[in-house]
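Written below as structure tokens is the structure these notes are about.
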Amino acid sequence: MTHPYSCLEMYPSAQFNPSQNFSQLYASEDAEMLLRDVPWETYSTARLLSTEDLQLIRSYDKKPKEEQKMILEQDGFAYAKTFMTVLKKITKEDTVQYTLA
């Protein structure tokens, strides 16, 4: 038995591909999230980020994807450590979402 409000029943010609639809949804949310500015300097001033963390974030943030990829290939461990520091110490939801995007 199908749900009485099934979209596929209401729109039989519609094709539903969950992985594609979710991927598109998350990609658009990520793109929107990455347009925001994060107050990294404020976090450093509050001693939530070290000077080294701030330098790494500045060298990575707002760069084209290909450049970010090269940066991570060169020094991925340091960046992983910095991103983990952000996730551990900063609780502002927008900043956490930005970091995970």
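Quick notes on this structure:
- Within region 56-70, restricting attention to residues that are touching a helix residue (DSSP H, G or I) at 6+ places or on another chain (Cβ under 9 Å), part of a helix (DSSP H, G or I) and not hydrophobic (A, V, I, L, M, F, W, C), the residue that is most open to solvent (accessible area, probe 1.4 Å) is 58.
- In region 76-101, the qualifying residues are those that are hydrophobic (A, V, I, L, M, F, W, C) and in a loop (DSSP other than H, G, I, E, B), and the one that is most open to solvent (accessible area, probe 1.4 Å) is 101.
- Residue identified as open to solvent by 70 Å² or more (accessible area, probe 1.4 Å), free of Cβ contacts under 8 Å to residues at least 24 places away in the same chain and either in contact with a helix residue (DSSP H, G or I) (Cβ under 9 Å, 6 or more places away or on another chain) or of a type in the set (A, V, I, L, M) (or both) among 73, 52, 41: 41
Rundown of residues vs (1) among the β-branched types (Val, Ile, Thr); (2) within 17 Å of residue 31 (Cβ to Cβ), yes/no style:
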site: 58; (1), (2): no, no
site: 61; (1), (2): no, yes
site: 72; (1), (2): no, no
site: 75; (1), (2): no, no
site: 78; (1), (2): no, no
site: 85; (1), (2): yes, no
site: 99; (1), (2): yes, yes
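The values are calculated or read from the model by the stated rules, or taken from the named source; none is laboratory data. Source: prediction; values computed, not measured. Positions of Cβ are backbone-derived with ideal geometry, glycine not excepted, and every protein chain shown enters the neighbour counts. SASA here: full protein model, heavy atoms, side chains in, ligands and nucleic acids out. Shrake-Rupley method; radii C 1.70, N 1.55, O 1.52, S 1.80 Å.
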